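The values are calculated or read from the model by the stated rules, or taken from the named source; none is laboratory data. Since this is a predicted model, take the numbers as computed values, not measurements. Cβ sites come from the backbone with ideal geometry, for glycine too, and all protein chains shown count toward neighbours. Heavy atoms of the whole protein, side chains included, go into the accessibility calculation; ligands, DNA and RNA do not. Shrake-Rupley method; radii C 1.70, N 1.55, O 1.52, S 1.80 Å.
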Amino acid sequence: VSHALASGYRLIDTAAEESYGNEDQVGRAVRDFYHREEGGDQDRVAEQKIFVTTKLWDSDHGFYGTLHAFRASYRELNKFHTLRNDTGDHDRNSIPIDLYLVHSPYGGRLVETWDA
């Protein structure tokens, strides 16, 4: 991921522990990239927005399962970034989830999943 970012990639696709299991490594690479860029021009940093996608695994479908899984993904992406509290609240320096996908529709409870 670090090499991809250095080469110009700006869309990173990841997934929860049950599938790809690389959210923490993606979060570290994105954080390190932004820290390297911060030494330069702030306008250039703003242009370097990285779009992060992750996914809901099949076993986490349902309203509360989805909320729990989303928060877990957010925590994993920001594992190496100090949040102001452990509720997973977004702060301006954390790595946001830009797109959260339902990995597949086979987990059931799709209406409840979408409601979350």
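Filtered by the rule that a residue be surrounded by 15 or more Cβ atoms within 10 Å (Cβ to Cβ), in a helix (DSSP H, G or I) and at pLDDT 90 or above, the range 30-71 gives VAL30, ASP60, GLY65, THR66, ALA69, PHE70.
Scanning the range 72-116 for residues that are outside any helix (DSSP H, G or I), hydrophobic (A, V, I, L, M, F, W, C), open to solvent by less than 60 Å² (accessible area, probe 1.4 Å) and at pLDDT 70 or above turns up ILE95, ILE97, VAL102, ALA116.
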